[in-house]
Structure formats: structure tokens, C-alpha cells
1. Test of understanding: what is the full-extension gain from Thr2 to Trp194, defined as 0.36 nm times their sequence separation minus their Cα-Cα distance?
2. Take the alpha-carbon centre of segment 170-220, take the same for segment 1-52, and report the distance between them in whole Å.
3. On a 0 to 90° scale, report how tilted helix 175-187 is relative to the longest principal axis of the chain, with both axes built from alpha carbons and the result rounded to the nearest 10.
4. Please tell me the relative contact order of segment 3-218 in percent, rounded to the nearest whole number, where contacts are Cα pairs under 8 Å and at least six residues apart.
5. Just to be sure I understand the curve: with the Debye formula and one point per C-alpha of the chain, what is log10 I(q)/I(0) at q = 0.17 Å⁻¹?
6. Work out the FRET efficiency for Asp187 and Ser113 from their Cβ-Cβ distance, taking R0 = 22 Å, and round it to the nearest 0.05.
7. Please report the antiparallel percentage of DSSP beta bridges with both residues in the chain, rounded to the nearest 5.
8. Taking the number of other C-beta atoms within 10 Å as the exposure measure, put Arg72, Arg84 in order starting with the fewest.
Amino acid sequence: MTEMIRTETEITLEPTGKLEKVVIWMHGLGADGSDFVPIVDEMDFPGIDNIRFIFPHAGVLPVTINGGMQMRAWYDILQADLSRRVDGKGVLNSVERIANLVSSQAVGDIQLSDIVLAGFSQGGVIALHTAMQLNLPLAGVMALSTYLPMRETIEAGQKQTIFLAHGIDDGIVPYAQALSSLDWLRDKGHEVDWHHYPMMHSVCAEEIADINEWLGGVLA
């Protein structure tokens, strides 16, 4: 049985076999690290018993678009149009935190190329920006139902292997923003495995199957 370790900052699923790879998976606005833990039980690919899964909790802060309500968030959401006003300081603070977490895992036999950054919605923004801003040669980046703001701050660097997926009927992060992010990433030379599904701002069974196949490939 996989050992689950809970702390104030994260949930970790330790591998049942020898540690060889690490997946760091960020949740969306208002959720916490437990949100995507159950999906691991639905995955089955060679080598999964050698992977450590880490699910960090975002900090609690007042979110403007929700009337200042305190909730877990990687950064503030200032208005409904996500492409206009961005909490750049909040994004970069979370990027720094996750970059430090990545560094803490890249020890011993674990290299940066053994680590996948993953995230849903806000968590996907942080996964993408951490990889882009800090120029990390990761195993891959998995960005679900998300977008890429602050592109003007990103310098050309290490090309990444990216799983990008979105719901066609997403009413939170518009599908058009996902397509715009896809075009930008491909234009910059990143290898993007693009998927879209007939769903809203969520995750579906078909997507989980595609995630399983992609993770099995990049962590082989």
C-alpha cells in the first residue's frame, strides 16, 4: 500500500518501489492538495510504483473576484477576464515556492529530468510558469484547464514537453485562452501534446486515460 504523508504544506504519496521519478501536482482555486490524490489510484503504467507524487497546498489569501473571501489560491484573481489584470507578484511568489520544492526533490539519483510539474487551472499556470521562468529541463509539464498569462515576462529558454488539455465548454478559463496558449507555446518551440474534451472546468475519464498514457511515456 502506498504510504501517504500529510503535512501543513502538502500531501505526499511515497512509491512502493525504489524512488526513481517525482510528480509535483498543483490544485486549482479554492481546493487543496487532496483534490487530485484519488486520480493516482486510477493510473496504471510501467514504473508507477517508483514515482513519488507530491500535492502541495496553496496558501490562504483573499480572492478579489470572490468578494475578498479567504481561500487557498496560488495568486489573486482580480477580475473575470483572466487575460487583462494579473496578480503578477502572486504568480511569481508561487513560482518561487514550487521552484524550491523542485530543487528539494532533485537530489541523489533524482535529476530535474526525472520530475514532472503538473497543475489544474491556477495550478497549471504555476506549473507552466515555473518551467518557463526558471528554464528547467524537466521530464514534462502537465497543464490542465489552464492558460498562460504574463507571456511578456518569459524569456526563450529550455524547450519543454507539455501535456495541455482543456474542456471545450469551460466557463471559467475560456477555451479560446487555451488555444491562444497552445499557439504561443508551439510558436516558442515547445513540444505540446494537445487534447480537448466535451466538458466544463473539470476532469473527465477520457482525460485521465490520456494523462496515464502521457505520464507513462515521459517517465519511462
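1. Numbers: separation 192, 0.36 × 192 = 69.12 nm, distance 3.07 nm.
Going from the current span to full extension adds 66.1 nm.
2. After rounding, the separation between the Cα centres reads 20 Å.
3. Result, in degrees: 60.
4. Values: 443 pairs, mean separation 36.2, N = 216.
Worked out over segment 3-218, it gives 17 percent.
5. -1.26
6. Working: r = 24 Å, r/R0 = 1.09.
Plugging the Cβ-Cβ distance into 1/(1 + (r/R0)^6) gives 0.35.
7. Working: 12 of 37 bridges.
That works out to approximately 30 percent antiparallel.
8. Details: Arg72 19, Arg84 9.
The order, fewest Cβ neighbours first, is Arg84, Arg72.
Every number here is computed from the coordinates shown, using simple stated rules; none is lab data. This structure is a prediction, so every number in the text was calculated from the model and none was measured. In this analysis, Cβ positions are derived from the backbone assuming ideal geometry, glycine residues included, and neighbour counts consider all displayed protein chains.
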